Every structure is written in structure tokens, then in C-alpha cells.
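Asks: Right, I'll just put the structure down here and ask away after.
Here, each number is a calculation from the coordinates, and none is a lab measurement. Owing to the predicted nature of the structure, the values given are computational and were not obtained by experimental measurement. Methodologically, a virtual Cβ is constructed for each residue, glycine included, from the backbone with ideal geometry; neighbour enumeration extends over all protein chains shown.
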Amino acid sequence: MSASTPPVGPVIGRPVAGIEQEVLAHLRQRFGAKLVDAKVVRPLVAEVAIDRADLLAVCQYLKEALAFEHLGCISAVDWKDHYESVYHVENYYNGCVVQVNARIPHDDPKIASVCGLWNAANYHEREAWDLMGIVYEGHPNLERILLPKDFKFFPLRKDFPQEVDRQYISRRKLRGGK
Amino acid sequence: MSAPLVPSLFGACYILTGWIVWIINWILRAIGTVIPPLFPPLDALANWLASAPILTVLTWLVMTLVMVVWACLVNLLTMMWVERKFYSRLQDRYGIMISIWSLPLWPFNRRKDVPTHKGWGYLQNVADGMKLLQKENLVPATADSMMFNTAPAWIAGTTLMIFAALPWSSGLYVANLDLGILFILAAFSLAPLGILIAGWSANNKYTLVGGLRSAAMLMAYEIPLVLVVIALVFTTGSLDPKVIVTQQERPLLTLGPLVIPAWNLFGVQAIGFVVFLVAIIAEMERIPFDLPEADAELVEGWTTELSGMRFGLVFGFKWLRMIAGAGLLSILYLGGWSGPVFTTLYLGSVPIPIVPEEIWFMLRVYLLGLFFIWLSWSIPRVRIDQILNIGWKRLIPLSLLAIVAAAAVRVVTG
Amino acid sequence: MPAFWINMGPQHPMTHGLWNMKVQVDGETITDARPELGYLHRGVEKISEVREFQKVIVLTDRLCYVSSITWSHAYCLAVEKMMGVEVPERGQWFRVISLELQRIASHLMWLAAYGPDLGLLTALLWSLRERELFLDLIQLMSGMRMNQNYPRIGGVRNDLPENFDAMCKRSIAHFLRKLEKEYEPLLHESKVFQMRTVGVGKISAAEAINWGVTGPNLRACGVDVDVRRLDPYETYEDVDFEVQTWKGPDAGDSYSRFICRFREMRESCSIILQALEKMPKSGAYRAKPPRRGEGEGYARTEDSRGEALFYVCGDGDDRPYRVKIRSPIFCTMAATPIMLRGNKLADVVAILGSIDVCVGEMDK
């Protein structure tokens, strides 16, 4: 089944070989210069890196034109000079997965919310807000989900101190080695 | 046909009371002899105690005590033991195992080769009762404490009232009323008020929902219960338990040596039997109808806030109501305490029981109990609106049908 | 009586695990619901940033403690993708066997919790009795009954013992007999059970996909998606099993979820028996991974409850830089208000029990 034909009938999920190349080709054709990086990681998995401004356009294209109906996960990663909101969207019709890495500058952690496209984003974005502090604009109720409601910090950030016990770090490492 | 072991509870208790009063009088007169100035008043007191009216009153007190001991201490414990052992065997496990060898008293703690907690399990319920007595007496701060304290007493008291009129044989009863069945059903129906009070007074959302559910369910199931008793009256013509049982002792069908008695079950009352069976399971609040007390959704339902012996009374008396319900079912439909002819010897005209009537009655009660237990532990709970559906839309039409059928049969047979 | 909010939990005998469900009730009908998570949040993602790659397996085991091998295995898959490690074939077969044994044990635990929810306490004891068979097999295989620490990056920890084949076949034969003779009459054919679960807690296929519901909960809506078939990992391409989808009317209710999960147990038994035949009888079962990892690794597996997804980032250190855990129950919890609205209060436990909540993975 081609990547851009609308599927019919009940959903039967079986993998289609080579589909990730097709999907990548469609994305490149549609967005071209806006994709900072686009590559095939392994069979069925394609990876695309974009800036945060293009997020909604890319996600809408993936969902409506290419039938990526399932949002698997939204992860928030704190690379020390920028944040990344990583979206894993999956296609139930041909087994393809597209990983969308959206770069967010470190001093302005805001990005558009994809709750309007996939309701599954609701809880994932709340968790990313809760643990990492990235604000998802347009989210219906962005409040803490895993931590207590009055917790003041964002624990997953790299500047939040890690409770390290000496016994869990090897002596070689503590002495400054690797 | 069959003979009771205790031909008259009143007579037996009269003799017993006589002995007790004799002992008391002897002690009073002994005190009077030792302290001479006290002799006249104590002697008068002793004579007054031994006079016939006072002896009768004391006999009634002793009769109620004997019946309470018989129903609660002997039968309740045994029924609880039967339930817990039986359903644990259904679930492929051993069940309760604390017995007399678990007691830390001599001579039971001397034998080192017998494991302490691997017995029959008969004393487990006693142990559980003792545990509940030791618990803290909690009354929620925001609860209506007078109602909260009254409710378990209400439930326990009205349940015990059933046993004032429920006969265990043709002699073992406290009072034989002409409207005995009506009295028993009325006493059964008083407990739901106690349940509602318990649920409401605890001032807790869970208990309130549980109490209201219980009120709705029990109200819906009282009606078919009474209606089929009305249907039964067409066949029996009386609400006196002894009369109903005596009528069921006559033979229905004689197949050679085998005589089938005319139980009310074998007749047009079979519809009534089915309705009564379902309604009495709902009245006893057993699974599948135990949603008011559902430990799945509402913690413990209306009994959530009750702790210690309050809970113990309410919880334990569920089995007492099971005994009463099974007893009622067996009196009305299964021939009560009648047994086959060959279990009585006649010396002259005095019947000597080989297997007395009480045994037949208890056999029926315990077999019905086994049936209820088996049913309870094999079927999931029915949801409250489905329970009310069954009560209002299925049982009431069936019971009305039973009335019409019984009336028709009565008209046809004269 | 006006509508008021009832708390089901966090201390509740029948919400298995520690979470709160606020339910707005109007009389007996539910008008709204709001789950409250986070009571069991242990910060696994943060801790795994200071543990070496292999030491994180101890943490991921305890994510969902009922079904530990599947979670550690998902983590190992993600790290293997990141590092580019190839697991030898015998190790893959071992993983498949252990995963399916764990799946059956997890489903039996679910059944043991679901029966009492509806009032059927006998199901608790019977399911736990059967679960003992599988816990014994898992113990033979990995050394422990739960939190086994069995998968490793590059394979599994140890070899199968010699009598595993015979014991496995005997246990599975016994289990299949019990399923047919005891469980089906007790559960499938019970009219009251059907009264409690048919038509209760419905969710449509489109809504389920949109809200991120996966696993048996999604297959019960008629959507034929199983990660073992959609994106086969390990040696799932070489085994023959049927994806249990509900094909009848009334899709998406509690009964269909129950049936899908129940039938999956049979399929898992058949997978194990096939694996025991097809497995190479000797060979390596563990490859040595490099100590440090750089890059991104992503893996998804079919956990007992849905699609478990791990996203691991490394920056050249011997510890992960970021471990992101996607729990199926976390996503299904977002869809529970849809399933609960319109049903009666007594159905809450029937519905929540049928989606098989494990709070450990939900709260990480």
C-alpha cells in the first residue's frame, strides 16, 4: 500500500517493506528546506529533525495525508544547549514509524501543542511539562500529572541535582576517570 | 409421623427453671439461717419466686435464652464454619483451621506432635469474634452517634426476633403464633430500616450509597416474598407453621415402599418456591445480590464505618438470617421437620424418635445453606439496576401468577 | 440528590494499585471522571541517568512488577538499537519464551483481580493457582518469580535448565485443560458475568486510536494491530499465532476486552510450544555489548497491556543520557473518562478492571 493513498476498511496492521523510504520522500517533497535532518534509521523507522515553528504543519501532514493515526509517545530531552520534544508517530496500516525531533531553544521552552490532532498528546504533554518544564501552547489543561500539584521544580532538567550515592558510582569515576 | 426430641420447650424450660429457682431458694434460706434477722424477708422472697406466675415468667426468660443460645451459639457458629470450609474447598484450598488444638491451655498445648493450626477449624469463628471484641470502638466525629450506635443493635435485635416464632420442630419453639409466618416475615423486614440508618448515620458517601441501595433492593424483594406467601395460604389455609408442616406430612404418592410426602414444592406452589428462593437470597444480601455491601466498589458499603463488635454483630447475623431464611423456606415448601415414618418407634402410643424432627429440620436448613453458599461463590455480583429489574419486572409478575394459579387450583379442587 | 464527586481510591480494595479516580455521579449514573495519577511515581527516568546501562534493567523490572520481563526486554531492545548490538538467535528464542510466559502470568494476575471486582472471588484463587505453574517455569528459567533481572543488553542472562522442556509442556497441557474445563464455564458461559460486562464501558475504534489506547484494549474495538505482527521483533516472524481481535458486534466493551485477553493466553501457550520446537538446541545466547553508547535508540514491544515504547539517548558515556518510557496504561487512562461516562457507578470497577491497570508502569 502506498504511503499517500487513503486506507479503507478495518484497520489491519501488517508491515510494508520499504515504506519508510516512501514516507521520507513524501516529507522531503512537501517540506524540503524546513527539514533540518531526515534519515532512515532502520527498516520501518524514519527520523526527521525540524525547528519548533514547523511542528504543527509537519504533524498535520503526517496525520491527514499519510494516515499516521497513532501518536506513540512525546518525549522531552534536555540537551544542555537546547531542548528537544521528540514525537514518535506510528502508522497502523503499514507499520511505519516517524520520529520527529523538534528543537526548542533553551531559554524559551515553548512549543505548539498537538492535542488538536491526537488526543493522546494530552497526557504526554502534561508529563513533559511536569518533569521538564516545556510549555505546550494550546493544551487544554497543562498541569502537573505525576508530581504533586504544588511541586516547584522540574526534575528531569539536567540542572536539577541528582541524588547520587557514592556507592553507585565507581571509584574510578569518582577519582575523575571515565 | 416423626417425633421431636424436645416435645415441648416450655415444659423442659419449666423443669429447668424449677431447678434453678430451687437452688436460688436454698441459697436464700441458707443465708437466712446464718443471719436470723434476715430470715423472714428472704423466706418470703423464696416463696414468691417459687410461686406459679413468677415461675412462668422466669420460664419464658429461660426459654428465650435457650433459643438464643441454640440459634446463635450453636447454629450460627456451625453455619459459619460450614460456609467457610465449603467455599474454601470450592476454591481449592484448605480453609479455616483453628480448632481446639490451637488453644494455649492445658491439655491442648501439651502434644508436640500435633500442629497447632491444622485442625477442623471449628473455633475459628470464636477466635474472630474475640478479635472483633478487642477492637477500638470508633465512632466518626461527624456521624450521628445515637443512630450510629442504635443501628447494629436494631439489626441484631430484629434478627433475633425472628427466632421467637420460628419453630425448629413441633416442640422446639418459643412461641407458636397463629400468624407465625407473618410475624417472621415482618421481623425479617425490620432489618432494612436498621441498614438504612447505619448507612445514613455514618455521614460517609460510601455508606450512604450502600444504605440507599440496600433499601431499594430489599424493598423491591419484600413484595414478591409476601405475595408468594399469600399464594401459599390458598393451599394451606393457615399461617401457623405447625399447621403448614403437619399438612405436608400426608402422603402424596405411594410407590411401593417409597412414600412421597405432599410437600408444597410438589404442586402448584413450585412457582412460589422459585420466587421465594430468589427473593430470600436477596433478603439475605448474599452474592449475587450483595451489591449494598459490595467490597469491590464501595469498600464495605453500608458497613464501612462500623468497627469492632458493631461490625461483628452485623456481619455475623447475616448467617443468622441465612439460617432463618433457610428455615422459613423449608417450613413453607420442603416439609419443615417431617421425616419418614420408619424413624420413629411407637411404644404404646408414645413416639420415641430414632432420628428426631430437629435433625430433619437442621438437615434441610444446612443443605439449603450449602446450596446458597455454592451459588454465592460461583456467580458474580448482579448490578443494582439489574437487581431491581429482576425484582420488579420478573419476580412480581411471577408471584402474581403464583397467586392466580394457587387460587385456580383451590377452586378446582374444592 | 445533586451530582457529587466520589473518590474511588487511592486506598481502595479493588483499584489494583495506588491511583485515584474521581467520578462525578448523578444518582447512580456517571457524568464525568478524572483520573489522578502519580501516587507511585518513583523517578525511574531520572535515576536511570546515573546508572550504567545494565544496572537500569533492575529499575525497568520494577516498572510493572507483574510483568517485569517485558519491560526490561523493551529497554534492552532500545539500547541494542542505539548501540547496534545483534542478539544471537538462541538468545532471541529465549527472550520469546520468557516474554510469553510472563504474558500468561500477567494475564492470570489480571484475571485474579478482575473476578473479585465483579464479585466472583473464586476466580481469584483459581487464577493464582494456575499462575503458580507459570511462576515456577519463570523461576526455572531465570531464577526468580518476579523482578527477575533476566534480559541483558545483547541477550539473556543464563541458559535454560535441562528439564525445562518437559516441565513446560506438562504445565501448558495442564493449563489448557483447566482453561477449557474450569475457566470457561465459570466466566464465559456465566449469564451474570455477561450481564455485568456486555455493553459496559464502550469506546469506539476511532476514539481509541485517537486517544492512544493500544494492546488488547484496542484489539477489542476491532482494530487488528499487534506490535508482534506490525513490527516484528525477536523471532516473532517465525512463529505462527493469531492476533486476537474482537470481530463481533458490541466492540469495545468490557466483555470484548475480557475475551481478547483471555484468548491471548491460549495463543501464548501455542507460541511457547512452537518456540520450544524451533529453537536451536545449542549456541550462544548472549552477545557482549559495548560499554558506551552514543546516539538514539527507539524500540516498541507488545507488553501484556499494550504498546511499551522506550526511547534511549546516549551521549558517549557508559550511562544513558535520557530514558523515556511510554506506558500503555498511562495512555489508556486518558481514555477512561470516555469509557466511564454514561455507565452506572457499579460499573466503574468492571470497566477499570477490564483495562488491566498496573500502576507501576503508569506512574514510572
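Asks: Using modelled backbone amide H atoms (1.01 Å from N, in-plane), which distant-in-sequence or interchain residues come within less than 5 Å of B:THR344's amide H?
Replies: B:ILE354
Asks: Under 17 Å Cα to Cα from A:LYS110, which lysines show up? Leave out anything in the same chain fewer than 8 places away.
Replies: Within the straight-line cut-off, A:LYS110 pairs with A:LYS80.
Asks: Take peptide C:44-51, look around each residue's Cβ out to 10 angstrom, count Cβ atoms belonging to other protein chains, and average those counts. Let's see the in-between values first.
Replies: Numbers: counts 0, 5, 7, 4, 0, 3, 6, 2.
Per-residue shielding by partner chains comes out at 3.
Asks: Hey, got the average number of other protein chain Cβ atoms within 10 angstrom for residues in A:10-18?
Replies: Values: counts 7, 10, 7, 10, 8, 5, 0, 0, 0.
Per-residue shielding by partner chains comes out at 5.
Asks: So what's the gap between the Cα centers of region B:368-414 and region C:69-126, to the nearest angstrom?
Replies: About 46 Å separates the Cα centre of region B:368-414 from the one of region C:69-126.
Asks: Roughly how tilted is helix A:121-132, in degrees to the nearest 10 and between 0 and 90, from the longest Cα axis of chain A?
Replies: Compared with the principal axis, the helix lies near 20 degrees.
Asks: Mean Kyte-Doolittle of at least 0.5 plus a Cα span of 24 Å or more along the axis: flag which DSSP H helices in chain C meet both, please. Let's see the in-between values first.
Replies: Details: long enough: C:89-118 (44 Å, 0.03); C:121-142 (31 Å, 0.69); C:254-278 (36 Å, -0.20).
Going by DSSP H runs, the hits are C:121-142.
Asks: If packing is taken as the average count of other Cβ atoms within 10 Å, what order do B:249-255, B:37-43, C:349-355, A:103-109 fall into, highest mean first?
Replies: Values: B:249-255: 11.0, B:37-43: 12.7, C:349-355: 26.6, A:103-109: 14.4.
Going by the mean number of other Cβ atoms within 10 Å, highest first, we get C:349-355, A:103-109, B:37-43, B:249-255.
Asks: Next question. Run the reach check for C:LYS202 against lysines, Cα to Cα strictly under 21 Å, same-chain hits fewer than 8 apart removed. What comes back?
Replies: Straight-line reach from C:LYS202, under 21 Å: C:LYS22, C:LYS191, C:LYS247, C:LYS344.
Asks: Straight-line reach only, C-alpha to C-alpha below 23 angstrom: list the lysines that C:LYS281 could link to, leaving out same-chain residues fewer than 8 apart.
Replies: C:LYS169
Asks: Separate question: Can you name the helices of chain B, as whole DSSP H runs, whose Cα span along the helix axis is 30 Å or more and whose Kyte-Doolittle mean is not below 1.0?
Replies: Details: long enough: B:9-34 (37 Å, 1.58); B:145-165 (32 Å, 1.13); B:180-201 (32 Å, 2.02); B:205-236 (46 Å, 1.46); B:309-333 (35 Å, 1.22).
Long hydrophobic helices here: B:9-34, B:145-165, B:180-201, B:205-236, B:309-333.
Asks: Please return the longest range in chain A lying between exposed loop sites, taking GluC sites (Glu not before Pro), DSSP loop only, at most 10 other beta-carbon atoms within 10 Å, and leaving the sites out.
Replies: Values: sites that count: A:GLU143, A:GLU163.
It works out to A:1-142.
Asks: In whole percent, what relative contact order does region A:19-174 give with Cα contacts below 8 Å and a gap of six or more residues? Present the calculation step by step, with values, prior to reporting the outcome.
Replies: Working: 265 pairs, mean separation 27.0, N = 156.
This gives 17 percent for region A:19-174.
Asks: Right, next: Give me the angle, in degrees from 0 to 90, between the Cα long axis of helix A:19-31 and the longest principal axis of the Cα atoms of chain A, rounded to the nearest 10.
Replies: That works out to roughly 90 degrees.
Asks: Could you give the size of the charge dipole of the protein assembly as shown about its Cα centre, using +1 on the Cβ of each K and R and -1 on the Cβ of each D and E, expressed in debye and rounded to the nearest 20? List each step's numbers first, then the result.
Replies: Details: 95 positive and 94 negative charges, 372 e Å.
Its charge dipole is roughly 1780 debye.
Asks: As a test of the formula, what do you get for the protein assembly as shown when each DSSP H run with n ≥ 4 contributes -39,500 (n - 2.57) and the sum is divided by the residue count, at 222 nm and rounded to the nearest 500 deg cm²/dmol? Could you put the intermediate results ahead of the total?
Replies: On the way: 32 runs with 444 residues, N = 956.
So the helix-based figure for the protein assembly as shown works out to -15000 deg cm²/dmol.
Asks: Can you list residues from other chains, or at least 5 along the same chain, whose modelled amide H is less than 5 Å from the amide H of A:ALA112?
Replies: Placed amide hydrogens put A:GLU137 under 5 Å from A:ALA112.
Asks: Another question, if that's okay. Can you give the mean number of other chain Cβ atoms that lie within 10 Å of the Cβ atoms in peptide B:325-336?
Replies: Working: counts 0, 0, 0, 0, 0, 0, 0, 0, 0, 0, 0, 0.
The mean count of partner-chain Cβ atoms within 10 Å per residue comes to 0.
Asks: With +1 on each Lys and Arg Cβ and -1 on each Asp and Glu Cβ, how big is the dipole of chain C about its Cα centre, in debye rounded to the nearest 20?
Replies: Working: 47 positive and 49 negative charges, 121 e Å.
For this selection, approximately 580 debye.
Asks: If one computes the Cα centroid of region A:122-152 and of region B:69-102, what distance in Å separates the two points?
Replies: Here the two parts' Cα centres lie 54 Å apart.
Asks: Also, quick follow-up: Tell me the relative contact order for region B:135-413 as a rounded percent, counting alpha carbon contacts under 8 Å between residues six or more apart. Provide the component values of the computation, followed by the final result.
Replies: Numbers: 426 pairs, mean separation 72.1, N = 279.
Taking the mean separation of contacting Cα pairs over the length of region B:135-413, I get 26 percent.
Asks: A further question on this structure: Can you give the alpha-carbon Rg of region C:45-363 over 2.2 N^0.38 Å, where N counts its residues?
Replies: On the way: Rg = 19.3 Å, N = 319, 2.2 N^0.38 = 19.7 Å.
Computed over Cα atoms of region C:45-363, the ratio equals 0.98.
Asks: Please compute the net charge surrounding C:LEU111, taking Lys and Arg as +1 and Asp and Glu as -1 over other residues with Cβ under 14 Å from its Cβ.
Replies: Working: positive: C:ARG103, C:ARG129, C:ARG131, C:LYS178, C:ARG257, C:ARG261, C:ARG263, C:ARG266, C:ARG305; negative: C:ASP117, C:GLU130, C:GLU132, C:GLU182, C:GLU184, C:GLU264, C:ASP356.
Around C:LEU111, the charge tally is +2.
Asks: Round to a whole angstrom and tell me the spacing of the C-alpha centers of region C:143-158 and region A:70-112.
Replies: Using only Cα atoms, the two centres lie 31 Å from each other.
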